[in-house]
Amino acid sequence: MAKQIYRSARGKEIDMLQLVKQNEMTIAVGNAKVNARGDKLGPGGKIIAKREEIQTAANQVPEQISVRPAPTPVVVPAAATPAAPLTPSQKAKAIKDMDPEGNDE
């Protein structure tokens with residue numbers, strides 16, 4: 001265990017365990033809404049949940065873990081599949097039939 005009594009720069013001894021016990025019910029600075037001990041505080045500094053209850057709830061394993069079902073395969077109808085590639089003569093005819101101005105003939 002680490003050393004609990006420290007000496008300040010001025011030579012004064014500070015007992016950290018005593019300091020913690022002395023201030024454990026003091027409201028912590030900031031917006032955490034807890035005291036120095038770790039209890040959850042409500043309006044007026046009243047204890048809503050004790051540190052032990054919060055730790056127990058955080059350490060509990062959920063009873064049921066939800067598992068995502070396997071995705072169902074999507075069946076593509078044969079009509080939706082692309083047609084066979086065009087032959088060179090079909091490509092030439094398709095290019096010849098195209099009108100650059102978009103007019104129908």
Q.
Just the residues that are over 28 Å from ALA58 (Cβ atoms) and outside any strand (DSSP E or B), please, taken from the range 2-19.
A. LYS3, SER8, ALA9, ARG10, GLY11, LYS12, GLN18
Q) Looking at the range 26-36, which of the residues that are aliphatic (A, V, I, L, M) and under 14 Å from ILE48 (Cβ atoms) is surrounded by the most Cβ atoms within 10 Å (Cβ to Cβ)? A) VAL34
**Q.** Verdict on ILE95 being aliphatic (A, V, I, L, M) and at pLDDT 75 or above
**A.** no
Q) When the range 51-67 is examined, which residues are found to be farther than 28 Å from GLN18 by Cβ, of a type in the set (A, V, I, L, M, F, W, C) and assigned to a helix (DSSP H, G or I)? A) ALA57, ALA58
Q.
Can you list residue pairs whose Cβ atoms sit under 6 Å apart, with the first residue in the range 1-29 being closer than 19 Å to LYS40 by Cβ and the second being modelled with pLDDT under 90 and part of a helix (DSSP H, G or I)? Count only pairs 6 or more apart in sequence or on different chains.
A. ILE27/GLY45
Q: Search the range 20-50 for residues being part of a helix (DSSP H, G or I) and under 27 Å from TYR6 (Cα atoms), and hand back the single one that is nearest to the chain's Cα centre (by Cα).
A: VAL20
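The values are calculated or read from the model by the stated rules, or taken from the named source; none is laboratory data. Keep in mind that this is a model prediction, so the values were computed, not measured. Positions of Cβ are generated from backbone atoms using ideal geometry, with glycine treated the same way; all protein chains shown enter the neighbour counts.
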